[in-house]
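Here is the structure we will look at, set down as C-alpha cells.
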Amino acid sequence: MPLDVVKLTMDLVGYNSVSELTNVPVTRYVAKVLKSLGFKVEELRYTDMNGVEKLSIVGKLGKGTGGLTLMSHDDVVPATNIEDWTGSPFKGRVSKGRLYGRGSADMKGPLAASICAAAQFRAKDLTAPVYIVVTADEEINGHGAYDVTRRSKLFNEARKGCGIICEPTGLRVVYAHKGGLAIRIESKGRAAHTSTLKGTNANLKMIPFLAEMKKINDLALTSRRYRNEEFKPAHSEWSIGINDHNTATNISPVQSVCRISYRLMPGVDITPLIERTRKSAHKHGLKFQLLIRTEGLYTSPDSLLVRTALKITGSRKPTTVPYGTDGVAFRKKMKQLIVCGPGSIAQAHTVDEWIELDQLNRGVDVYSRFIDQFCVNGRL
Ligand SMILES: [Zn+2]
C-alpha cells in the first residue's frame, strides 16, 4: 500500500508530543499505520519521573531475526518563541517545497520516510525482517531507547542485524558520534543572616574546586590525548555549570552545585579527568556523583554496513557528528549502527522548523533501497 510521505509527516506533526507531555497518542497512531502495513507491533510503556505515560514501539515485518532496523523518536523539543512562528508549530504547513512544523526535521519527517519505504514491501517478499523502532524521551534523557534496549523482545532478536538511526543528516552516512558524561558536585553550607557571621557560605568550598575544573577544561581543549581528529570539533569541552539557588543576598548560601558535562569520543579515555575531579571534590569536602557515562557510537568506516550505505546514498566518504542520538543506548546491544536520515540538523529545535519535500522523498527512496539490499537480496 503506497503511503504519502508528506501527508504522513503532516499527520505526525499534528500531534503535540513535546517530551514533557505524553507521546502515547502519536505513537498509537504510528502503531496503527504499521499494523495496516502488516507489521507485528510490540508496545513498551512506562511512566516517566513526572508521572506522565510514555510509549515506545518496535514493529516487525517479515520472518526470522537480524535484518534491518530503522529507528526514530517521536518526542519533540518545545516550540518556544511561539509568537515568532509563522503558523501553529503543531499544524504541518507546506510552502515552496518545504514542510514546516515542530518535529518536521527532528524527526517526524525521517520517521515518516522510514515507514513509507517499508510500505513498499510485503512480508512474503522479505528474506530477512524489517524492524521500525519509535522511542519516547530522546530529547531529554533517552529513556525510551534504554527501555527498548533492555525490555524489547523484538529488538533483542533484531540486534544481530544492522540498524539505521534516521536522525536528519542530509542523508549523509554517519559512522560515529560523541557520547555523554554528567557529573554533579555539591557543597553544603549553613544558612544565617550574613550580618551575624554565623552562617557557612557553601560557595567558598566550591571556589578552589572550580579553579581545578578550569585547569581540566584547558587540558581537555588542548591536549592531544583528548583529541580525536575524526570529529569536528576534535575536542570536547569540560563544560562547567554552577548554581547556588540562593534567592537573598543577605543569607549565606546553604547549597552550591556544580554540574560538569562532557561529550565523550570513541578512542579517547577520559578516566584520568574523572578521577582528578573526584579527588579534587574529596579534597575540598564536596560530594561527588558520576551521573551519566555513555560511550558514543562507532561502527568501522570499513564495515559492510557503512560501505553498503555509501553505495546506496551515492556518497564517497562517511562522516561523524558531534551530537548524540538514541544510538548511545542501542549500541549496548546492536553493534552495526549508523545515523542516516533526510533533512538537516540545522533546522532541528528552531522556530519555523522545516524539512525539504525533496529530502523526504529521497529519504523514502534511500530507505527502500536499504530494505531491498538487507532484507530482499539477503546478502547479509
Ligand atoms: Zn532527534
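The values are calculated or read from the model by the stated rules, or taken from the named source; none is laboratory data. Since the model is a prediction, treat every value here as computed from it, not as a measurement. Cβ sites come from the backbone with ideal geometry, for glycine too, and all protein chains shown count toward neighbours. All accessible areas refer to the heavy atoms of the entire protein, side chains included, with ligands and DNA or RNA removed. Shrake-Rupley method; radii C 1.70, N 1.55, O 1.52, S 1.80 Å.
Please find, among L8, L44, L55, the residue that is buried (at least 18 other Cβ atoms within 10 Å of the Cβ), in a helix (DSSP H, G or I) and not hydroxyl-bearing (S, T, Y). Before the answer, list the steps.
On the way: L44 fails: in a helix (DSSP H, G or I); L55 fails: in a helix (DSSP H, G or I).
Residue meeting the stated conditions: L8.
With respect to A119, determine if the residue is in contact with a Leu (Cβ under 7 Å, 6 or more places away or on another chain) and surrounded by 24 or more Cβ atoms within 10 Å (Cβ to Cβ). Can you show your working first?
Values: in contact with a Leu (Cβ under 7 Å, 6 or more places away or on another chain): yes; surrounded by 24 or more Cβ atoms within 10 Å (Cβ to Cβ): no.
Criteria not met by A119.
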Practice task
Among the numbered conditions (1) part of a loop (DSSP other than H, G, I, E, B); (2) open to solvent by 70 Å² or more (accessible area, probe 1.4 Å); (3) closer than 30 Å to A329 by Cβ, tell me where R278 comes up short.
Solution key: (1)
Practice task
Answer yes or no: is there a residue in segment 312-321 that is within 16 Å of the ligand (Cβ to nearest atom), open to solvent by less than 40 Å² (accessible area, probe 1.4 Å) and outside the structural domain of L264 (by TED's automatic domain parsing).
Solution key: yes
Exercise for the section: Just give me the residues in segment 157-189 being within 15 Å of the ligand (Cβ to nearest atom), in a strand (DSSP E or B) and either farther than 25 Å from A31 by Cα or open to solvent by 10 Å² or more (accessible area, probe 1.4 Å) (or both), in sequence order. Expected result: V174, H177, G180
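Mind telling me which of the residues L154, L126 ends up being touching a helix residue (DSSP H, G or I) at 6+ places or on another chain (Cβ under 8 Å), surrounded by fewer than 24 Cβ atoms within 10 Å (Cβ to Cβ) and modelled with pLDDT of 95 or more? Let's see the steps before the verdict.
On the way: L154 fails: touching a helix residue (DSSP H, G or I) at 6+ places or on another chain (Cβ under 8 Å).
The match here is L126.
Can you go through A136, A145 and tell me which one is within 16 Å of the ligand (Cβ to nearest atom), of a type in the set (G, A, S) and more than 18 Å from L337 (Cα to Cα)? I'd like the intermediate steps shown before the answer.
Details: A145 fails: more than 18 Å from L337 (Cα to Cα).
Only one candidate qualifies: A136.
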Fill in the blank from the handout: Considering segment 129-146, residues that are open to solvent by less than 10 Å² (accessible area, probe 1.4 Å) and part of a helix (DSSP H, G or I), and then whichever is nearest to D372 (Cα to Cα), we arrive at A145
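Quick check on segment 248-260. Is at least one of its residues outside any loop (DSSP other than H, G, I, E, B), on the phi < 0 side of the Ramachandran plot and loosely packed, with under 14 Cβ neighbours inside 10 Å?
no
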